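What follows is a single structure, written as structure tokens, with notes after it.
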Amino acid sequence: MSDQEAAEWHVSPVHLGKRVDLADYDPDEKGGLRKSEAKMRLQANLRRMEELQELMYAEGKHALLIVLQAMDAGGKDSTIRHVMDGFNPQGCHVVGFGVPTEMELDHDFLWRVHPHAPPKGYVSIFNRSHYEDVLVVRVNELVPKKVWQARYDHINHFEKLLADSGVTILKFYLHISKDEQKVRFQERLARAEKNWKFNPSDLKTRAQWDDYMRAFEDVFARCNHPWAPWYVVPGNRKWYRNLVVSTAIIEAMEKMDMRYPPAAEGIEGIVIE
Ligand code: AMP
Ligand code: MG
């Protein structure tokens, strides 16, 4: 298998309707690549992302929504730093979704999400998302089962609405192992400049690991569609993760089949004095 084929195989979205067993996905996967090769290819990908983003802005017909979900220390922040570096910040909006405020809880769960959908020409990156409402909310029974169960359909309809309005949606689950999370937590505890990232409540979430895996598997079974695919990204090796995410973004943006808008009338004759 060539490097190209290896990388492509691993960015395939989960197959529609297939039940995903996360135990079948190796978080250590590296697609037969070496770190040095992967880093070179990432640099090339970042340049390509910049070109495509500029084209998307110029054409003004498409928008891109990138959803990042993972367990704690799964690499969401780091992916934003490394991969989204390929985008011009002027056309890119990053939004994190934390514990809802009282006002947010007084509305439907998508109320706080919809205003952050990207306008035409722009990229929005969700660091956590509306999926928390069928993950943390489900695992901790923050609302009755009947309420979170209905949310898969609401999410599907919401994402279809965005897709029908010109938004390309890509959803990445950064898949780390429980052992890798332990290593990353230990680093957060050991290094003073990383202490702030450690939240004691993360230990409770870690203890619920298996429940979260089931909740993620249900998300993939119920909310994976051609217009809003999920990608299960091997997450233990950051350099491979970055390459996979950036490759998937490029593939999706190339499918947008974009063109620069035509020049203004009479532009050929203009002489700048
Ligand atoms: P962090 O990403 O470390 O800033 O943490 C954000 C926290 O907000 C995580 O513990 C999430 O599980 C939590 N969170 C995000 N969305 C929701 C939600 N809809 N309901 C409850 N907790 C949430
Ligand atoms: Mg956290």
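The values are calculated or read from the model by the stated rules, or taken from the named source; none is laboratory data. All figures in this text were calculated on a predicted structure; none of them were measured in a lab. No Cβ is skipped: glycine too gets one built from the backbone with ideal geometry, and neighbour counts run over all protein chains shown. Please note that ligands, DNA and RNA were not included when accessible areas were found on the heavy atoms of the full protein model with its side chains. Shrake-Rupley method; radii C 1.70, N 1.55, O 1.52, S 1.80 Å.
What to note about this one:
- Computed extension length for Val147-Asp210: 20.5 nm, one decimal, from 0.36 nm per residue of separation with the Cα-Cα distance subtracted.
- His154-Asp106 FRET efficiency (beta carbon distance; Förster radius 22 Å; 0.05 resolution): 0.85
- Of all segments of the chain bounded by chymotrypsin sites (Phe, Trp or Tyr not before Pro) found in a DSSP loop with no more than 14 other C-beta atoms within 10 Å, the longest spans 112-226.
- Net charge, Asp211 excluded, C-beta distance under 12 Å - Lys, Arg +1, Asp, Glu -1: 0
- Share of carbon and sulfur in the accessible area of the range 3-269 stands at 53%, probe radius 1.4 Å.
- At the listed q of 0.13, 0.17, 0.20, 0.21 Å⁻¹, the Debye profile of the range 94-231, built from one uniform point per Cα, gives log10 I(q)/I(0) equal to -0.66, -1.08, -1.36, -1.43.
- Ignoring aspartates and glutamates fewer than eight residues from Lys194 along the same chain, the ones with Cα atoms less than 18 angstrom from its Cα are Asp72, Asp77, Glu180, Asp202.
- In order along the range 167-173, phi translates into HN-Hα couplings of 9, 7, 10, 10, 10, 10, 9 Hz, rounded to whole numbers, per the Karplus curve 6.51 cos²θ - 1.76 cosθ + 1.60 with θ = phi - 60° and x for Gly and Pro.
- Folded to 0 to 90 degrees: helix 35-59 orientation relative to the chain principal axis, Cα: 60
- In this structure the range 21-156 gives 51 Å² per residue of accessible area when probed at 1.4 Å with all protein chains present.
- Its Cα gyration tensor gives the chain an equivalent ellipsoid. The semi-axes, each the square root of 5 times an eigenvalue, are 32, 24, 18 Å from largest down.
- Proximal charge balance of Arg48 [Cβ under 12 Å; K/R count +1, D/E count -1]: -3
- In terms of Cα atoms, the Rg and Dmax of the range 211-250 work out to 11.9, 33 Å.
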